[in-house]
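The values are calculated or read from the model by the stated rules, or taken from the named source; none is laboratory data. All of these numbers come straight from a predicted model, not from anything done at the bench. Here the Cβ positions follow ideal geometry from the backbone for every residue, glycine too, while neighbour counts run over all protein chains shown. All accessible areas refer to the heavy atoms of the entire protein, side chains included, with ligands and DNA or RNA removed. Shrake-Rupley method; radii C 1.70, N 1.55, O 1.52, S 1.80 Å.
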Amino acid sequence: MTTAVTTAMTTVIRVDRITKSFGGAAALTDVSVDFFPGEVHALMGMNGAGKSTLVQILSGALNPDSGTLEVGGLVQNQLNPRQARKVGISTVPQRRELVMSLTVAENIMLGQLPTSGAMVRWHSVRETAQEALRALGITIDADAIAGDLTVAEQTMVEVAREVRRGGKVLILDEPTACLGPEAAQQIRDLVLRLRDSGVAILFISHHISEVLHLADRITVLRDGRVTWAGLATETDEKGLVRDMVGRDVVSRRPVRPARSNEVGLSVRGLCDGRFLDCFDIDVRRGEIVAVLGPAGDAQSRLFDLLSGRRRFDGGQVSVAGKKLKNGKITDSLASGLRCVTGDRRRLGLIPGLTIDENVMLAQDRLDKRRIHRWSLLTRRAKPLRERYRVVSLAENPPVEQLSGGNQQKVLLAKWLGTAPSAVLLEDPTNGVDVSAMAEIHSLVDRLAGEGVAVLLASSSAEEVMRLADRVVVVRDGRRIAEYQVDRITRDELIATTLGGAL
Ligand SMILES: Nc1ncnc2c1ncn2[C@@H]1O[C@H](COP(=O)(O)OP(=O)(O)OP(=O)(O)O)[C@@H](O)[C@H]1O
Ligand SMILES: [Mg+2]
């Protein structure tokens, strides 16, 4: 539990009876929230509850239909992005906004490039950005290209950019969503330091223990309305779940039936010249194996190689006994291997296509000649959409209009609805709420129960403990240890992943 240093009760932002609809359906109704300096204020709620919509209103990206915002004593009906920045509101949105082809330094300094006459002072751009990173204890090279960074590093760069710009309010929309324990802790430490310097922080996360640990004040939204607001000390995990979901949520490890001895996925001597060095792993049918490492690089690369997105330098991959061709996505798909990517925006979904279209893209049984028959497409996609409980205001909107967690559910429906023989899951519950997480975990249990070989890479130790049978630890590109999950504790798991000895 933490306490705020400042107890001053003057608000920095007062949100008063804000309502916002999309196409006639309400995303926020009569929402009032006060934000105070020197406090971490967590916003919680299920996927689609309206959290990011409120963030967008506060950052000036969206205008509310009614209600007011009071910032620094001025009452306004709406803000534009420039005004929001001017009054000191900095935002790291849920949909990250780095320019992938630019360097880290250019991204951090974008819009504020130092110039002499008509010339940009590139040396100063690099120095200032590197200093901004260093000040936050971040060891990323300012000259690196943003697109080459891991998702965790990209988040850090965005946070550094916003912190450098300063301001009275820092909004972080799910900054720790797919970060490993170390990176998430770095973000939390930073949040506390900024809070102690008097900044008001709006923090969004689906990790309840993280929120209870970090927040001074919590507001819970359900279906766009505030269902609970108060001090973090006045609630607990059970209370929060009830306020968010409306009922208790239970997620337990099932007793899995005895697994077959048949190997579903086999990796032998896999090398890529950088992140993997003669790496071996076997996943039996019906087994869930987690692969863990200190940074996510090896896992991400392993998944790229297995799915055929990248070629490997040496080694062999087999699915259900059939050897895969190197670097051939079609061969990997034909073998029944499915890859639920950790980067749903860049690699997983096509933003302009609807939920049903995205889901059906992966359905190999769909007769291509009849794909123009939209009624057929919807008839086949709808049961999957319902099974994965994809929630949206409109019936079947383009996926870019879905909340983050609901986009993740579309991604799972797309790949897991295809009768796979082996599945690669990279952060499968990235950004999904407690209730959907429990459902997704049981769906993965069920897949394994049906004899699918599941290889999991997750940044959450809790998720690994909940889902996996076995954990393989990779360091310096090699498999260095292996544990049965029922023989180690969560803390031991974290210690071994970060490089400590068990
Ligand atoms: N531009 C838009 N057009 C139509 N509907 C939208 C738009 N933006 C958001 N919505 C809808 O508004 C609702 C609230 O979405 P929002 O993104 O605020 O949810 P959230 O609480 O942030 O959820 P998550 O935890 O999944 O990120 C959702 O039903 C979403 O589909
Ligand atoms: Mg959101």
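Among the residues in the range 78-90, are any within 24 Å of Ala142 (Cβ to Cβ) and within 16 Å of ligand 1 (Cβ to nearest atom)?
Keep residues of the range 78-90 that are within 24 Å of Ala142 (Cβ to Cβ), which gives 85, 90.
Keeping just the survivors that are within 16 Å of ligand 1 (Cβ to nearest atom) gives none.
Among the residues of the range 78-90, not one is within 24 Å of Ala142 (Cβ to Cβ) and within 16 Å of ligand 1 (Cβ to nearest atom), which makes the answer no.
Gly67 fails exactly one of the following numbered conditions: (1) more than 13 Å from ligand 1 (Cβ to nearest atom); (2) open to solvent by 50 Å² or more (accessible area, probe 1.4 Å); (3) at pLDDT 95 or above. What is the number of that condition? Result: Gly67 fails condition (2) only.
Ala200 satisfies every condition listed in (1) open to solvent by 20 Å² or more (accessible area, probe 1.4 Å); (2) over 22 Å from Gly431 (Cβ atoms) except (1). Among the residues making up the range 149-161, those that are touching a residue at least 60 places away in the same chain (Cβ under 8 Å) and either within 16 Å of ligand 1 (Cβ to nearest atom) or touching a Leu at 6+ places or on another chain (Cβ under 6 Å) (or both) are Val151, Ala152, Thr155.
For the range 375-388, the count of residues that are more than 13 Å from ligand 1 (Cβ to nearest atom) and at pLDDT 90 or above is zero.
Inside the range 14-83, counting only strands (runs of 3 or more DSSP E) that do not spill past its ends, which hold 3 or more residues that are closer than 25 Å to Thr235 by Cβ, more than 21 Å from the chain's Cα centre (by Cα) and in contact (Cβ under 8 Å) with a residue 24 or more places away in the chain?
On the way: elements: 25-35, 40-45, 66-71, 74-76.
Where strands (runs of 3 or more DSSP E) fall fully within the range 14-83 and carry at least 3 residues being closer than 25 Å to Thr235 by Cβ, more than 21 Å from the chain's Cα centre (by Cα) and in contact (Cβ under 8 Å) with a residue 24 or more places away in the chain, they are 25-35.
Here Leu456 meets the list (1) touching a Pro at 6+ places or on another chain (Cβ under 8 Å); (2) open to solvent by 10 Å² or more (accessible area, probe 1.4 Å) almost entirely, failing just condition (2). When Leu366 is tested against the conditions (1) surrounded by fewer than 21 Cβ atoms within 10 Å (Cβ to Cβ); (2) of a type outside the set (D, E, K, R); (3) modelled with pLDDT of 90 or more, the lone failure is (3). Among all residues of the range 373-395, there is none that is within 16 Å of ligand 2 (Cβ to nearest atom) and in a helix (DSSP H, G or I). Among the residues making up the range 387-408, those that are more than 22 Å from Gly286 (Cα to Cα) and surrounded by 20 or more Cβ atoms within 10 Å (Cβ to Cβ) are Val390, Ser392, Val399, Leu402, Ser403, Gly404, Gly405, Asn406, Gln407, Gln408.
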